[in-house]
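To keep things clear, I will list the structure first and then write my remarks on it.
The values are calculated or read from the model by the stated rules, or taken from the named source; none is laboratory data. What you see is a predicted model, and the numbers here were worked out from it, not measured in a lab. Neighbour counts run over all protein chains shown; Cβ positions are idealised from the backbone, glycine included.
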Amino acid sequence: MKYSAIITDIEGTTSRISFVTEVLFPYATAELPAFIRANAAQSAVAEQLTACRSLMQQPAATVDAIIAQLLEWIAKDQKITPLKALQGMVWQQGYESGAFRGHVYADAYAALTRWQQQGIKLYVYSSGSVQAQQLLFKYSDFGDMTPLFSGYFDTRIGAKRDISSYAAILQQLQLPPKQVLFLSDVVAELDAAQPLGIDTIQLIREGQTGGSHTLAPSFSEIEEHIK
């Protein structure tokens with residue numbers, strides 16, 4: 001295996017896109033208002049509400065006004081960092097209560113397990129918060145997968161379509177680009193990573209349009225490409 005590290009996206013890559021759109025987002029929409037009203041005074045929640053007020057440019061926005069804005073952001077699938085953080089808090093309740101489990105494709109679980117056993121460092125880069133990433137893998141269909149991963153990145157390091165984000169990740173990994181492989185189903189994300197010398201493979205699980213990157217319909221096919 002020529003790679004020292006593999007970075008993987010989640011939605012459409014390790015996990016079914018509809019898990020997010022049909023399970024996680026509706027749960028957050030239903031539960032977020034009551035969660036915020038009940039926990040607005042807690043420091044972790046209050047910090048995110050302050051961040052929302054800043055983004056809204058309304059420093060005096062009420063809790064109800066913030067909730068309305070958060071629901072609008074959810075409906076538009078906005079990659080807003082405080083929204084992702086609050087969603088993660090709500091999803092934790094859902095995972096812990098058994099309302100749902102984190103969907104992971106069987107081929108992804110098998111390959112990630114093999115790669116980690118081979119000594120490859122595995123990382124996650126998703127627009128969902130680090131907390132949300134860890135919850136999905138901790139409460140996955142295959143049990144707690146978090147021991148497989150060496151680290152997690154979210155929008156705090158930068159947007160997934162910005163080349164600077166991947167430069168920052170490389171700096172943290174302290175590895176030459178050619179020793180790093182990035183897996184995603186989104187061409188624009190792969191396009192941002194590739195100019196730095198990072199190797200890329202596009203997952204095309206659900207009819208995604210292929211770009212100029214190596215294509216793979218599953219993690220089993222990825223292994224054929226990187227032996």
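Scan the range 1-41 for residues that are farther than 14 Å from GLY102 by Cβ and loosely packed, with under 13 Cβ neighbours inside 10 Å and the total you get is 8.
Within the range 162-183, restricting attention to residues that are free of Cβ contacts under 8 Å to residues at least 24 places away in the same chain and not in a helix (DSSP H, G or I), the residue that is surrounded by the most Cβ atoms within 10 Å (Cβ to Cβ) is PRO176.
Only one of the listed residues (GLN93, GLN116) is in the same structural domain as THR50 (by TED's automatic domain parsing) and more than 16 Å from the chain's Cα centre (by Cα). That residue is GLN93.
Tell me, yes or no, whether the range 31-48 has at least one residue that is modelled with pLDDT under 95 and part of a helix (DSSP H, G or I). Looking for residues that are modelled with pLDDT under 95 and part of a helix (DSSP H, G or I), one finds none in the range 31-48, hence no. The residue that is surrounded by the most Cβ atoms within 10 Å (Cβ to Cβ), counting only those in the range 191-222 that are assigned to a helix (DSSP H, G or I), modelled with pLDDT under 95 and in contact with a strand residue (DSSP E or B) (Cβ under 9 Å, 6 or more places away or on another chain), is ILE222. When LEU49 is tested against (1) surrounded by fewer than 18 Cβ atoms within 10 Å (Cβ to Cβ); (2) without any contact (Cβ under 8 Å) to a residue 40 or more places away in the chain, exactly one condition is not met: (1). Looking across ALA188, ALA159, one residue alone is assigned to a loop (DSSP other than H, G, I, E, B) and within 21 Å of ILE17 (Cβ to Cβ). It is ALA159. Residues in the range 204-227 that are within 17 Å of ARG114 (Cβ to Cβ) and in contact (Cβ under 8 Å) with a residue 60 or more places away in the chain: SER218, PHE219, SER220, ILE222, GLU223, ILE226, LYS227. Whether any residue in the range 93-108 is surrounded by 14 or more Cβ atoms within 10 Å (Cβ to Cβ) and farther than 19 Å from THR146 by Cα is what I want to check. No; the residues of the range 93-108 include none that is surrounded by 14 or more Cβ atoms within 10 Å (Cβ to Cβ) and farther than 19 Å from THR146 by Cα.
Given the criteria assigned to a helix (DSSP H, G or I) and either closer than 21 Å to ILE157 by Cβ or over 17 Å from the mean Cα position of the chain (by Cα) (or both), does LEU122 qualify? Considered against the rule, which asks whether it is assigned to a helix (DSSP H, G or I) and either closer than 21 Å to ILE157 by Cβ or over 17 Å from the mean Cα position of the chain (by Cα) (or both), LEU122 comes out as no.
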